[in-house]
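Undergrad: My structure is below; once you've seen it, I'll send some questions.
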Amino acid sequence: MSRRPRRHTGLLTACSLVLAAAGTLTACGSDGSPSSSAAPELKVTGAYMPAPSMDTMAAGFFTVTNSGGADTLTSVTSDLSDDVTMHATVDGAMQEKKSFTVPAEGTLAFASGGNHLMFGKLTHKPGQGEKVSVELHFAKSGTVRISMPVKPATYDPKTGR
């Protein structure tokens with residue numbers, strides 16, 4: 001009989017430790033912030049292309065807002081060009097990038113003077129008022145299709161002109 005209480009005591013202790021560990025792990029993910037495994041929730045806004053001044057090249061801008069877990073923009077494609085590249089501007093110099101992180105609960109901005117898209121070898125020179133179809137390819141979220149309106153070459157998204 002003296003063995004039985006010990007066995008139950010050991011079993012109860014082990015169960016208590018498992019339940020305490022499970023509670024701790026659950027608490028880590030329940031503070032309202034996304035864990036690294038949380039699904040991204042992406043929204044793309046403010047997309048536009050300034051009317052290109054040349055027949056062979058154009059730029060593109062947009063903002064990705066993420067209200068979930070982190071994701072990565074891995075590539076961009078468009079019917080306008082077979083050569084769409086992503087760039088960052090560092091110390092005034094343009095540098096091609098293979099991917100961009102979209103932080104959890106954060107934003108990724110592509111704006112004039114900063115990160116941007118470059119469309120090379122255009123199939124045609126898009127005119128003001130035209131809409132360019134663009135596909136953004138994300139590691140977790142898959143493909144997000146956007147319509148990028150062509151704005152005046154001097155367009156300022158802050159003023160809308």
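Undergrad: In terms of Cα to Cα distance under 19 Å, which aspartates and glutamates are near enough to Lys121, apart from those fewer than 8 places away along the same chain?
TA: Partners found: Asp55, Asp79, Asp82, Asp83, Glu96, Glu130, Glu135.
Undergrad: If you don't mind, another one. Could you compute the net charge surrounding Leu42? Neighbours are other residues with a C-beta less than 15 Å from the C-beta of Leu42; K and R count +1, D and E count -1. Numbers along the way, then the final one.
TA: On the way: positive: Lys43, Lys140, Arg145; negative: Glu41, Asp71, Glu105, Glu135.
With Lys, Arg at +1 and Asp, Glu at -1, the net is -1.
Undergrad: Can you sort His116, His124 by 1.4 Å-probe accessible area, starting with the largest? Before the final figure, lay out each step's value.
TA: Numbers: His116 20, His124 85 Å².
My answer, sorted largest first, is His124, His116.
Undergrad: Over the stretch 70-149, with a single point scatterer placed on each C-alpha, what log10 of the ratio I(q)/I(0) does the Debye formula yield at q = 0.15, 0.19 1/Å?
TA: Normalising to I(0) and taking log10 leaves -0.57, -0.90.
Undergrad: How would you classify the stretch 106-161 from its alpha-carbon gyration tensor, with a ≥ b ≥ c the square roots of the eigenvalues: rounded for a/c under 1.5, else prolate if a/b is greater than b/c, otherwise oblate?
TA: Numbers: a/c = 1.88, a/b = 1.24, b/c = 1.51.
Oblate shape, in that a/c is at least 1.5 and b/c is the bigger or equal ratio.
Undergrad: Oh, and also: Distance check, please: which entries in Lys98/Lys158; Lys125/Lys158; Lys43/Lys131 exceed 22 angstrom between their Cα atoms?
TA: Working: Lys98/Lys158 28 Å; Lys125/Lys158 25 Å; Lys43/Lys131 19 Å.
Flagged as over cut-off: Lys98/Lys158; Lys125/Lys158.
Undergrad: Oh, and also: Please work out whether the stretch 35-108 counts as rounded, prolate or oblate from its C-alpha gyration tensor, where a ≥ b ≥ c are the square roots of the eigenvalues and a/c under 1.5 means rounded, while otherwise a/b larger than b/c means prolate and anything else oblate? Please report the intermediate quantities before stating the final value.
TA: Numbers: a/c = 2.22, a/b = 1.87, b/c = 1.19.
Prolate is the answer for the stretch 35-108, as a/c is 1.5 or above and a/b outweighs b/c.
Undergrad: Please report the accessible area of Met94 (heavy atoms, 1.4 Å probe, ligands and nucleic acids excluded) in Å², nearest 10.
TA: Only protein atoms counted, so the area is about 110 Å².
Undergrad: Let me ask something else. What's log10 of I(q)/I(0) for the stretch 26-161 at q = 0.10, 0.18, 0.20 Å⁻¹, Debye sum over Cα points only, no solvent?
TA: Calculated log10 I(q)/I(0) at the listed q: -0.35, -0.99, -1.18.
Undergrad: Then there is this: Find how much the distance from Glu130 to Asp83 grows on full extension, using 0.36 nm per residue of separation minus their present alpha carbon separation; answer in nm with one decimal.
TA: Gain in length upon complete extension: 15.0 nm.
The values are calculated or read from the model by the stated rules, or taken from the named source; none is laboratory data. Not measured: the values here are computed from a predicted model. Using ideal geometry, Cβ is built from the backbone for each residue, glycine included, and neighbour counts are taken over all protein chains shown. Just the protein is used for accessible areas: all its heavy atoms, side chains included, with ligands, DNA and RNA removed. Shrake-Rupley method; radii C 1.70, N 1.55, O 1.52, S 1.80 Å.
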